[in-house]
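Worksheet: one structure, shown below.
The values are calculated or read from the model by the stated rules, or taken from the named source; none is laboratory data. This one's a predicted model, so the numbers in the text were calculated from it and none came from an experiment. Note: ideal-geometry Cβ built from the backbone for every residue, glycine included; neighbour counts use all protein chains shown. Heavy atoms of the whole protein, side chains included, go into the accessibility calculation; ligands, DNA and RNA do not. Shrake-Rupley method; radii C 1.70, N 1.55, O 1.52, S 1.80 Å.
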Amino acid sequence: MIGYRSPWLDDELESFRSTVRRFVTDVLAPREPAWQAAHRVDADSWREMGAMGLLLCDVAEDYGGSGGTFAHDCIVFEELAYAGVASFGKSVHNICAHYVVAYGTEAQKRRWLPRLASGELVGAIAMSEPAAGSDLQGIRTRGVRADDHYLLNGSKTFITNGQVANLIMVVAKTDPGAAAKGISLFMVETDGLEGFRRGRTLDKIGMPGQDTSELFFDDCRVPVDCVLGGGEGQGFAQMMDELPYERTIVALYGVAVMERAVRITTDYARERHAFGQALIEMQNTRFKLAEAKTIAHIGRVFIDSCIVRYLAGTLDTATASMAKWWLTDMQCQVVDECLQLHGGYGYMREYPIAQMYADSRVQRIYGGSNEIMKEIIARTL
Ligand SMILES: Cc1cc2nc3c(=O)[nH]c(=O)nc-3n(C[C@H](O)[C@H](O)[C@H](O)COP(=O)(O)OP(=O)(O)OC[C@H]3O[C@@H](n4cnc5c(N)ncnc54)[C@H](O)[C@@H]3O)c2cc1C
């Protein structure tokens, strides 16, 4: 947007963006079709992202991270979205790492963060189950203490990075009688773990390159020291505290997709002619694009305010929930209008707007559905 620069940006971050843009455009974007065909991202690409320092930008160098801030990660998320690289599951990887940063004991941080930063470990978050998504207190996965280990039993579904992840944060009940206080988070290293099984890669209407999967835990023996934070029963409170981070990332992706949709649709409307003129010369096209650009800009200003507050440590759950529901609703509206302006070509997969349309829909469902966001906001009325 002319004359507007996000308040969290500075010259160092702009120069970082140039490096990220080159890598994402030249190296990752050409792999997107192969990832979509394979329904997963290959392990080498994870390590390359790690070697570039683009996985855990805001984690301290002492723990193997890049020593930057959340602003650096935001730039990576934006550049992935601008280049149409929707398969790379950096968001859940970062969310997984953030749980370790926020609640891990010193030993846990040292054990997992450097390997998450390098891409040796790929992170996933396993909360949802076949019978419990929004209502997480209804989960059935159990962690039962037996001497120096826990036995994990249960199944998870819809898990992003499910086929490639080898450090999975598993939400499980350790005391079924204690409601929220009976939930614990287990950081489970899955390489060689007996009883752990990956199920189907689920067949989705969008995000074909993301390996959204079922996971099964059958008497998995996990060491006692994989309980996040070192003690049982803190899981629900830990999840509630981390939600603003996750929701800001989902909302930021929504804004970046809107910005890209407006850009590529404006280009298309300049090139395509009908009735002797370019589409962009028709008032309806200009008005629809003007509306979309306005919404994207309002979205940008709102998400920037969330990022600034996140960086300052003052972003509250209700505001992050507002950003998540409103910006993802607007994302779907804007992308739908932009597809319409492409006519029949908008429905063809070879045009990026078609993939963006299919990919956008889930944004209103995961990360806490938009209905749940409104419940959270309504509690502050
Ligand atoms: C592509 C994809 C990736 C995902 N990745 C992950 C992941 O990595 N890890 C993970 O744990 N989960 C993941 N999920 C799961 C996602 O978080 C859940 O689908 C979501 O939380 C909704 O849960 P549900 O599907 O069980 O729907 P339900 O909870 O059954 O909800 C069904 C409908 O009822 C509404 N509803 C439910 N409760 C209320 C209420 N109290 N008030 C009003 N309306 C309500 C919901 O909004 C929704 O519209 C992913 C899902 C998808 C589709």
Could you compute the longest span of the chain free of chymotrypsin sites (Phe, Trp or Tyr not before Pro) located in DSSP loops and having at most 16 other Cβ atoms within 10 Å, not counting the site residues?
5-274
Within segment 187-201, whose backbone N sits under 18 Å from a point 7 Å along Cα→Cβ of ASP241?
187
Partner aspartates and glutamates whose C-alpha sits under 15 Å from that of LYS324, ignoring same-chain residues fewer than 8 away, are GLU242, GLU246, ASP304, ASP316, GLU371, GLU375
What are the GluC sites (Glu not before Pro) within segment 132-225 that DSSP puts in a loop, where the Cβ has at most 11 other Cβ atoms within 10 Å?
GLU194
Accessible area expressed per residue, segment 175-250, with surrounding protein chains retained (probe 1.4 Å, Å²)
43 Å²
Long pairs among LYS109/LYS156; LYS90/LYS288; LYS109/LYS173, criterion Cα-Cα beyond 27 Å:
LYS90/LYS288
What ³J(HN,Hα) values, in whole Hz, does the Karplus curve 6.51 cos²θ - 1.76 cosθ + 1.60 give for segment 181-195 when θ = phi - 60°, with x put for Gly and Pro?
6, x, 9, 10, 9, 10, 8, 10, 7, 9, 4, x, 7, 5, x
Report, to the nearest 10°, how far helix 283-312 tilts away from the longest principal axis of the Cα atoms in the chain, using its own Cα long axis and a range of 0 to 90°.
30 degrees
Taking the Cβ-Cβ separation of ILE365 and ALA34 as r and a Förster radius of 25 Å, what is the calculated FRET efficiency to the nearest 0.05?
0.40
Relative to the longest principal axis of the chain, what angle (0 to 90°, nearest 10) does the C-alpha long axis of helix 11-23 take?
90 degrees
For every helix of n ≥ 4 consecutive DSSP H residues, a contribution of -39,500 (n - 2.57) applies; sum these over the chain, divide by its total residues, and give [θ] at 222 nm rounded to the nearest 500 deg cm²/dmol.
-15500 deg cm²/dmol
Consider a paramagnetic label point 7 Å from the Cα of LEU151 along Cα→Cβ; state which residues of segment 189-230 have an amide N under 17 Å from it.
194-197, 217-224
Which whole-number value in Å² is the accessible area per residue of segment 83-170, probe 1.4 Å?
33 Å²
For PHE196, the residues 5 or more places away or on another chain with a placed amide H closer than 5 Å to its own amide H are ASP218
Each residue of segment 359-371 in order: what ³J(HN,Hα) in whole Hz does its phi give by Karplus 6.51 cos²θ - 1.76 cosθ + 1.60, θ = phi - 60°, with x for Gly and Pro?
6, 5, 4, 5, 4, 7, 9, 8, x, x, 5, 5, 5
Given R₀ = 51 Å, FRET efficiency for ALA274-THR19 by Cβ-Cβ distance, to 0.05?
0.80
Rounded to the nearest 10 degrees, what's the angle between the helix 106-118 long axis and the longest principal axis of the chain, both from Cα atoms, 0 to 90?
40 degrees
Apply the Karplus curve 6.51 cos²θ - 1.76 cosθ + 1.60, θ = phi - 60°, to the phi angles in segment 32-39 and return the couplings in whole Hz, x for Gly and Pro.
4, x, 5, 5, 5, 5, 8, 6
Percent carbon-and-sulfur accessible area, the chain, ignoring ligands, DNA and RNA, probe 1.4 Å
53 percent
